[in-house]
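A.B. asks: Dropping a structure here in structure tokens format, bear with me for questions.
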Amino acid sequence: MDSPPVAAVSLVLLASFLLFFSFAQSSTIGVGYISKILEIQDRERALPSVQVAAARGVLQRLLPSHSSSFEFRIVSKEQCGGESCFIIKNHPSFTRRGAPQILISGVTGVEVLAGLHWYLKYWCGSHISWDKTGGVQLNSIPKLGSLPRLQDDSILVQRPVPWNYYQNAVTSSYSFAWWDWKRWEKEIDWMALQGINLPLAFTGQEAIWQKVFQKFNISKEDLDDFFGGPAFLAWSRMANLHRWGGPLPQSWFDQQLVLQKKILARMYELGMTPVLPAFSGNVPAALRNIFPSAKITRLGNWFSVRSDVRWCCTYLLDATDPLFIEIGRAFIEQQLTEYGSTSHIYNCDTFDENTPPVDDPEYISSLGGSIFEGMQSGDSNAVWLMQGWLFSYDPFWRPPQTKALLHSVPIGRLVVLDLFAEVKPIWNTSEQFYGVPYIWCMLHNFAGNLEMYGYLDSVASGPVEARTSENSTMVGVGMSMEGIEQNPVVYDLMSEMAFQKNKVDVKEWIDLYSARRYGRSVPTIQNAWNILYHTVYNCTDGAYDKNRDVIVAFPDVNPNLVSMLQGRHHTDVKLVSRRAALIKNTDSYEHPHLWYSTTEVVRALELFIAGGDELSGSSTYSYDLVDLTRQVLAKYANELFLKVIEAYRLKDSHGVAHQSQMFLDLVEDIDTLLACHEGFLLGPWLESAKQLAQDEEQQIQFEWNARTQITMWYDNTEVEASLLRDYGNKYWSGLLKDYYGPRAAIYFNFLTQSLENGHGFQLKAWRREWIKLTNKWQKSRKIFPVESNGNALNISRWLYHKYLGNPDTYDH
């Protein structure tokens, strides 16, 4: 039998250390509270044969060459010591030619596949990430018939807490908006391999609402005004806006409902617990006329520049009105009719950025009770899953109000997501959510922005500290990012925490990570990753990482108001709303977030380039190299911008011209760099939008939605930009050269004109021109490549020598 790869041998040795798990009970108080729903779900889960077949389907898609090497089985919790677990064993027929070599058992198909991933990771030195972030690295797996044996008879790995949650309410728009079944199947495979068993399942809900509201005499025209466009559905669902990007064509309702049924069927087959939406009170405006006595309130403006009633100021039905329960029941029942089954867990966030009108605890308690009653009236076993974000930013939610809401539902029937626990946990300042079960979540990303960022030490220790704390009510871990397909190292570690009872030594883990990710251990690359761990992946300042790099979020500001101080921007999330904190004031410059030494990260890039010849052909290496080069050059661009401003203030026309051109050349060069990997292309986003269209008119509408979300986002006037401009910015090839670069050029041209004509900077004229450019770009039909082009290592080397060869380039 051939020996496993060198990297795999070292991984096996560490795995023996990592995987010493006992059968000791790890349940928290919170797990006891949710025991009833867990029992119900266990009884109603798909048959073992169905789950095994679904798991084998994932294996066949992932590793068809080795599908005969593994046998899968479903076992009871009793065989796992009373918890959910997976068990990895040498197959009894290991030595027989052509027979399975490894036997993996689990309580559900998800645990089986998590066990497969664990074996491939720690015995074969492989790596699994999203395709856009480099995809899978399976070259380190020995050939068929030569898989590594376990040193022990078996390895048993329990879940410390039952649930592994996935998604954010807005991920469906920032990442999933244009997905077809092929892409969804890949994602569900990825979820299962990461051990995710509690994903949101929000696709197609507009088709359900269409049928429900028609029962309440709401016309198609009224619903056209109610639903947002395909790229903005997350916010119309949350009652932030209506109609923006719409109306939805009937084909959209129909195809999304078909897609949702496929998604749910696969999730159930694997033993997952998909979370369905519930009624939050968001209603069409026409409902006021049909039910004039109902308590319906018009909400305030949510970031429309002039409170434009065409899409702002939605309507909320008071939860204490009898009609609320009636609609809530109808929505749950319609989902049961369409889908045929439910996992009994429903998400509802009535108060996310919608503050109750009265702070009386009794009133708040009645609101919470009515919201839950709307769910329970349609499903007697309903459990309410609620984002806990509101408790961190809205000063309305003081302890009496928070307790009133959390205690308005029977214990065990409400679960809270501690949404940003890796940076600003709520569990440790709220007496564990005042005794209510919660899930420790890593938020990490806003709007799918691309930025190398994370807090690995917090991820590796936070869930363990929360679970082992006194009187812990923690019942799960989760990933609640707004956008996916970025920073694979962060998500690899976070998904692993669903099975780790003890804190992880990140230094040891990161060394293994680099070997697994590229299929071999390269010392210079390992050294680079150690630098990255202590710099970009060690953000301890508590600030939001909302990417405000100058290239992708160009300052709409008078140059005389730009602070020349380099560096750090801090935002206290306890004081301000999420989106309010992340949106720059129209007359000020919000410095990009910088929390590390750029000089050290340049050194990491040097090491990455130096080790590149040993990793030629590796998609994972190519992705990381492009991302790291982009990170370094983006921060350099921020400094170049300040040099332009400095030259302007000194009335140095030559300096403005020279530094401006350097900035614009850099933007084009970064665009060329990004074109080297599929994970950094604009084309796939636009083309996937158009592929869902049924005709030319829909293509135009869908492409406008896709372009608008990543640029202006929301409405504007000729001289007033959207308050959400650049919130969804992306470092994508095509976007830099075609939009971000030309926008910057307009600003620099106005600087030059100001110096030549001797007048002040024409701020309003600048705004008029860049807004015109943006609106034109939103309507453009230009086609962009969907495949990568160029050698990442060669281009990264060239850019390094062009821009970073001077040791004085960075001075911090």
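A.B. asks: Identify, by number, the condition in (1) modelled with pLDDT under 95; (2) polar (S, T, N, Q); (3) in a helix (DSSP H, G or I) that Asn749 doesn't meet.
C.D. replies: (1)
A.B. asks: I would also like to ask the following. May I ask you to verify whether Leu259 is open to solvent by 10 Å² or more (accessible area, probe 1.4 Å) and farther than 22 Å from Ala382 by Cβ?
C.D. replies: For Leu259, the condition - open to solvent by 10 Å² or more (accessible area, probe 1.4 Å) and farther than 22 Å from Ala382 by Cβ - is met.
A.B. asks: Exactly one condition in (1) modelled with pLDDT under 95; (2) under 18 Å from Ile364 (Cβ atoms) is false for Gly300; which is it?
C.D. replies: Failing condition for Gly300: (2).
A.B. asks: Moving to a separate point now. Where the second residue is surrounded by 14 or more Cβ atoms within 10 Å (Cβ to Cβ) and aromatic (Phe, Trp, Tyr) and the first is part of a loop (DSSP other than H, G, I, E, B) and lies in region 131-154, which pairs have Cβ atoms under 7 Å and are six or more apart or on separate chains?
C.D. replies: Taking only residues 6 or more apart or on different chains, the pairs are Gly134/Tyr623; Pro148/Trp123; Arg149/Phe94.
A.B. asks: Any chance you could count how many residues in region 405-446 are of a type in the set (Gly, Ala, Ser) and buried (at least 24 other Cβ atoms within 10 Å of the Cβ)?
C.D. replies: 1
A.B. asks: Which condition does Glu718 not pass, out of (1) part of a loop (DSSP other than H, G, I, E, B); (2) touching a residue at least 24 places away in the same chain (Cβ under 8 Å); (3) under 27 Å from the mean Cα position of the chain (by Cα), if it passes all the others?
C.D. replies: (3)
A.B. asks: Take the residues in region 587-617 that are open to solvent by 20 Å² or more (accessible area, probe 1.4 Å) and among the polar types (S, T, N, Q); name whichever of them is nearest to the chain's Cα centre (by Cα).
C.D. replies: Ser597
A.B. asks: In addition: Going through Gly271, Gly228, Gly300 one at a time, which residue ends up being open to solvent by 10 Å² or more (accessible area, probe 1.4 Å), touching a residue at least 12 places away in the same chain (Cβ under 8 Å) and in a loop (DSSP other than H, G, I, E, B)?
C.D. replies: Gly300 is the lone residue from the list that is open to solvent by 10 Å² or more (accessible area, probe 1.4 Å), touching a residue at least 12 places away in the same chain (Cβ under 8 Å) and in a loop (DSSP other than H, G, I, E, B).
A.B. asks: Sticking with this structure for a sec: Identify the residue in region 156-188 that is in a helix (DSSP H, G or I), of a type in the set (S, T, N, Q) and closer than 28 Å to Ile40 by Cβ and, among all such residues, is most open to solvent (accessible area, probe 1.4 Å).
C.D. replies: By that ranking, first place goes to Ser172.
A.B. asks: May I ask you to list the residues in region 489-508 that are open to solvent by 10 Å² or more (accessible area, probe 1.4 Å) and of a type outside the set (S, T, N, Q)?
C.D. replies: Lys501, Lys503, Val504, Asp505, Lys507, Glu508 - these are the residues of region 489-508 that are open to solvent by 10 Å² or more (accessible area, probe 1.4 Å) and of a type outside the set (S, T, N, Q).
A.B. asks: Going through region 491-510 one residue at a time, which ones are touching a Ser or Thr at 6+ places or on another chain (Cβ under 8 Å) and farther than 20 Å from Val423 by Cα?
C.D. replies: Lys501
The values are calculated or read from the model by the stated rules, or taken from the named source; none is laboratory data. In this text the structure is predicted, and so the values were computed from the model without any measurement. When we count neighbours, we look across all protein chains shown, and the Cβ atoms used for this are built from the backbone with ideal geometry, even at glycine. For accessibility, only protein heavy atoms count, side chains too; no ligands or nucleic acids. Shrake-Rupley method; radii C 1.70, N 1.55, O 1.52, S 1.80 Å.
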